[in-house]
1. For Ser41 and Thr246 in the same chain, what is the full-extension length gain: residue separation times 0.36 nm, less their Cα-Cα distance, in nm?
2. Quick one: if you take sqrt(5λ) for each eigenvalue of the C-alpha gyration tensor of region 326-378, what semi-axes come out, biggest first, whole angstrom?
3. Please arrange Ser445, Ser105 by how many other C-beta atoms lie within 10 Å of their C-beta, fewest to most.
4. So what's Rg/Rh here for region 38-143, counting alpha carbon atoms and using the Kirkwood radius for Rh?
5. In deg cm²/dmol, rounded to 500, what helix-only [θ] at 222 nm does the chain give when every DSSP H run of at least 4 residues adds -39500 (n - 2.57) and the total is split over its residues?
6. Leu53's amide H: which non-local residues (gap 5+, or another chain) put their own amide H closer than 5 Å, with H modeled 1.01 Å from N in plane and none for Pro or chain starts?
7. Between Ser172 and Thr325, what is the label-point separation in nm under the 7 Å Cα-to-beta-carbon projection?
8. Work out, step by step, the length gained on full extension between Ser104 and Leu19: first 0.36 nm times the residue separation, then minus their alpha carbon distance; give nm to one decimal.
Amino acid sequence: MSAFERDRPTRRLPIIGFLLLIVAIGFVGGAYYLAPRFERSSPQIKLPDSDVLGLAPVEIAIGDAGAGLKSVAATLSVGGSEHTLISEQYAQPVSEKKFSFALSSKLAGLKEGPAVLRVSARDASLWNFFRGNETVIQKNLTIDLTPPTVELIADDRYVNFGGVGAIVYKASADTAASGVRIGDYFFPGFKGQIKDQPDYFVALFAHPYNVPANVKAVLVATDKAGNSRQLPLVYELKNVKYKKSTIPVSESFFQNKVAPLLQDSAARQGAPKDVFVAVNKKLRAENESRIVAITSKATPSILWKGAFSQLSNSKVEANFADQRTYVYNGQPIDTAYHLGYDLSVTKHYPVEAANSGTAVFVGDLGIYGNTVILDHGLGLFTLYGHLSSMDVKVADTVKARQIIGRTGETGLAAGDHLHYGVYLDGVAVLPVEWWDPKWIEDNISPKLSGRSSEAVAESQRSARPRKAATRRR
Ligand SMILES: [Zn+2]
């Protein structure tokens, strides 16, 4: 009996041990399973950067990298009353939520003035006695619903299709960005360019050759809150006749000029049409987007003076925006717009800078071969392509008519010539206007003098009374 009684605890021991083991496994397993659900990382909240809210959409991003979001809320307190902007609960945890809404759609009778934006988010973690981690952010803001005011001081009555117009305007002090928008293009305005009128802006804008005539330019001014004011620009668009031409592609041009422009030797072995399209479409598009990037970085001051000069003694071989159809073995194989003038004199003729400026690109540019791009300020650039040699470096200051290189036939060029292009804020524009001293005098110079359109018209009337009188009769 005594032995039996003594035996009982020893027999129970393995059972207790086994049970303890089960509990231990349960703990480890449970901890392993539950640990992520007890995570202690709080939700992340991203508020708008601006401290001014307006009519532009308000963007709030909320995320939780751990257990996921359980609920989010946002309120806006204005003038003592609190408005709910967001209030959401999630049955299934959400890792990220993005909100974008117009304040006006959330708040009827929204008032301007100081406001407090409060955003809170709670995650689905079991930490904090199952309540989860919470993040609360408060930001003091100003609600501004009034767009800037703009006043047109001088406008352009006539703009050539594919050419440039210039305006002078005044914008209220709250303006953060302003300029001319047409279609998908934007041409910024620049302040402080006009003597004695530090508040005036000058903007050069184009009616690009590829924007339909019925699309009109608007002057736009936007403030920090994203409120924007638009003023339609009224001008007569003058039709410019653009040519259509056919360019035969010879076997030797194909072998010596087209194919070698492809980097990939396998691509060079392709069918002639494919090789031509790879150069004339794909490489051309790459080169153009590089030019757009270079000529979109405007210097906010005028670096040029007076009319631009055409390469001396040169003959015009091809015009701006000619639509070219390329023909190979009697078959049309591709089309492209020619975005400049082709000028020829003699072989390796010295190339003069069309005006004063700064060299911003010197090097190989695919179909344009050896190329120099000069920055003339206010978004205006000139491009010189197919050069045999280049005599400037990037960042060099260049004087008007300074020799910057020599003509050649590098890139996609048949014969020695200069490809000359003018770009405004990334858009190829009619070069011929800038060669015309009268066009500069009538359209650009008066704007830079800060005189109003009326004052300019008045002075033109009094300077040429006879002419005006004859015309009136
Ligand atoms: Zn050309």
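We did not get these values from a lab; they are worked out from the coordinates using the rules stated. Just so we're clear, the structure is a prediction, and the values are computed from it rather than from any experiment. Cβ coordinates were reconstructed from backbone atoms using ideal geometry, including for glycine residues, and neighbour counts include every protein chain displayed.
1. Values: separation 205, 0.36 × 205 = 73.80 nm, distance 6.73 nm.
Result for the pair: 67.1 nm of gain on full extension.
2. Details: eigenvalues 166, 45, 26 Å².
They are 29, 15, 11 Å, listed largest first.
3. Values: Ser445 16, Ser105 9.
With the fewest neighbours first, Ser445, Ser105 line up as Ser105, Ser445.
4. Numbers: Rg = 14.4 Å, Rh = 14.3 Å.
Radius of gyration over Kirkwood radius for region 38-143 works out to 1.01.
5. Working: 9 runs with 85 residues, N = 473.
About -5000 deg cm²/dmol.
6. Residues meeting the criterion, in which the H sits 1.01 Å from N, are Thr142, Ile143, Asp144.
7. Going by the 7 Å Cα→Cβ label model, 5.5 nm.
8. Working: separation 85, 0.36 × 85 = 30.60 nm, distance 6.45 nm.
Working it through step by step, the gained length comes to 24.2 nm.
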